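Report on one structure; see the data block that follows.
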Amino acid sequence: MTQSAPGRLRVATTSLAGCFGCHMSFLDIDERLFELAQHVVLDRTPLTDIKRCGPCDVGLVEGGVCNAENVHVLREFRRNCRVLVAVGACAINGGLPAQRNHLDLGTCLQEVYLTEPGLARGCMPDDPELPLPLDKVHPLHEVVKVDYFLPGCPPPAEAIWSFLADVVAGREPRVPRELIRYD
Amino acid sequence: MSGRESFLLDGTPVPFAPGETVMQAALAAGHYIPHLCYHRDFKPHGSCKVCTVRAGGQTVASCTLPAQPGLEVESATPELEDNRRTLVQMLFVEGNHFCPSCEKSGNCLLQAVAYELGVLSADLDHLFPSRPIDASHPDLLLDFNRCILCELCVRASAEVDGKGVFALSGRGIGKHLIVNAESGRLVDTAIAATDKAVDVCPVGVILRKRVGFAVPIGRRRFDVAPVSAQAKGDAPRPPREKERR
């Protein structure tokens, strides 16, 4: 699916502060994946394991923005994707990870890594490769311009299919009202 | 319908009884006007502004606008729908509305109205306020994160239950729901799980404990049919039916 093919749309996907549930819902379009493969070439995505996003037609981003690496990846997607789509509750409003937003980050880290009862030898993770967490978890549209939103936790496979089918057919994507769900 | 006077809602004649508001008459005739703080059992309040329409050259809350013969009311215009969407989006970012973990999901009026208006994202910066919950009461949970300040619980507790358990305090963005007890906790009030104030909450603020998922997600009120298809359910009931309850 990764060979470039003229006339096919190039699509990238990623999960930031998400659980990959939206990607699972994407895979839930089942045998329509074969039809999609006729029209789409995958760029950076966990499905290809390509590490850098090249110029793309569509970027599907799952999850909110919770650390410095998320900001970096999201900006890479925005730079490269003609159409950027926030997929799922976390990308749209921060979702579950954002439930920490009313807590102090330092206190959170201390409790989890140092003072939590049952920790044999707590220590604060300080590997330089670990991305620094942000003070608050943000929805995508607070960091970059987002073109389309697919709500849901996860969005129904039908909603993802309907969106991609619209893009492939060159139509303005529109989520049918019966597929709008926030839960 | 014959002999009754009527007004025009988006060009369609809507009959009304003397004393009815535009909202009441519209709902009774099966026409939906998006609303949050209006409830058939209470005196219209006109505070959420979601039901705002244009009539007689003015924008006005349809829940408090008396129906008049020949009045021309515009409701489903792109401009008014846009304003409604923005109002709903502002409610979403002012509180913490995390539908996937809310046991009211599918029965929530805020969510249903947002679906109806085609809201896909709040599109504004979220405020992420810090609002601790009150789980002090043995039968009830209070989650202030989801309050939309409709004052239905305030009205129900004062007018129907005769207990005055709830009130709003503060102004503007600082306005919030409070509990009328010296401790500020629900356990120190006379509220009971059978109170109208509990029943009437349109969102997931006042919740009965231990029944949250008795009806599974997917089979709830607004899962079954969109709020616009249930307009008649929100219409004022005939007085006889009201007395029976």
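Structure data summary
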| quantity | calculated |
| --- | --- |
| Checklist (1) out of contact with any Leu (no Cβ under 7 Å at 6 or more places or on another chain); (2) more than 30 Å from residue B:17 (Cα to Cα) applied to residue B:57, failing item | (2) |
| Lone qualifier among A:103, A:179, A:109, A:150 - being at the interface with chain B (Cβ under 9 Å from one of its Cβ atoms) and over 23 Å from residue A:75 (Cα atoms) | A:103 |
| Residue in segment A:41-61 that is at pLDDT 95 or above and within 14 Å of chain B (Cβ to nearest Cβ) present | yes |
| Odd one out for residue A:164 among (1) touching a residue at least 40 places away in the same chain (Cβ under 8 Å); (2) under 19 Å from residue B:115 (Cβ atoms) | (2) |
| Search result, residues across segment A:15-27 that are touching an Asp or Glu at 6+ places or on another chain (Cβ under 9 Å) and either more than 27 Å from residue A:144 (Cα to Cα) or not small (Gly, Ala, Ser) (or both) | A:16, A:19, A:20, A:22, A:23, A:26 |
| Residue satisfying all of: in segment B:131-149; within 14 Å of chain A (Cβ to nearest Cβ) and part of a loop (DSSP other than H, G, I, E, B); surrounded by the most Cβ atoms within 10 Å (Cβ to Cβ) among these | B:143 |
| Check on residue A:131, farther than 20 Å from residue A:20 by Cα, surrounded by fewer than 18 Cβ atoms within 10 Å (Cβ to Cβ) and either touching a residue at least 24 places away in the same chain (Cβ under 8 Å) or not charged (D, E, K, R) (or both) | no |
| Flag for residue B:30 being more than 29 Å from residue B:122 (Cβ to Cβ) and either in a loop (DSSP other than H, G, I, E, B) or in the same structural domain as residue B:159 (by TED's automatic domain parsing) (or both) | yes |
| Residues within segment A:32-54 that are of a type in the set (A, V, I, L, M, F, W, C) and more than 17 Å from residue A:81 (Cα to Cα), tallied | 5 |
| Some residue of segment B:207-217 being touching a Pro at 6+ places or on another chain (Cβ under 8 Å) and either surrounded by 14 or more Cβ atoms within 10 Å (Cβ to Cβ) or not assigned by TED's automatic domain parsing to the domain that holds residue B:23 (or both) | yes |
| Matching residues in segment B:110-130 - criterion: being at the interface with chain A (Cβ under 7 Å from one of its Cβ atoms), open to solvent by 30 Å² or more (accessible area, probe 1.4 Å) and among the aliphatic types (A, V, I, L, M) | B:120 |
| Strands (runs of 3 or more DSSP E) wholly inside segment A:51-119 that include at least 2 residues being out of contact with any His (no Cβ under 9 Å at 6 or more places or on another chain) | A:56-62, A:81-87 |
| Qualifying residue in segment B:71-79 (condition: at pLDDT 95 or above, in contact with a Ser or Thr (Cβ under 6 Å, 6 or more places away or on another chain), open to solvent by 50 Å² or more (accessible area, probe 1.4 Å) and charged (D, E, K, R)) | no |
| Matching residues in segment A:134-147 - criterion: being in a helix (DSSP H, G or I) and either more than 18 Å from residue A:22 (Cβ to Cβ) or more than 11 Å from chain B (Cβ to nearest Cβ) (or both) | A:142 |
| Criterion: under 30 Å from residue B:210 (Cα atoms) and assigned to a loop (DSSP other than H, G, I, E, B) - qualifying residue of B:45, B:97 | B:97 |
| Looking only at segment B:80-109, and only at residues there that are facing chain A (nearest Cβ under 10 Å) and of a type in the set (A, V, I, L, M, F, W, C), the one that is surrounded by the fewest Cβ atoms within 10 Å (Cβ to Cβ) | B:93 |
| Qualifying residues in segment A:73-96 (those that are touching a residue at least 40 places away in the same chain (Cβ under 8 Å) and more than 14 Å from chain B (Cβ to nearest Cβ)) - the one surrounded by the fewest Cβ atoms within 10 Å (Cβ to Cβ) | A:75 |
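The values are calculated or read from the model by the stated rules, or taken from the named source; none is laboratory data. No experiment lies behind these values; they were computed from the predicted model shown. Cβ coordinates were reconstructed from backbone atoms using ideal geometry, including for glycine residues, and neighbour counts include every protein chain displayed. Keep in mind that these areas ignore ligands, DNA and RNA; they rest on the heavy atoms of the full protein, side chains included. Shrake-Rupley method; radii C 1.70, N 1.55, O 1.52, S 1.80 Å.
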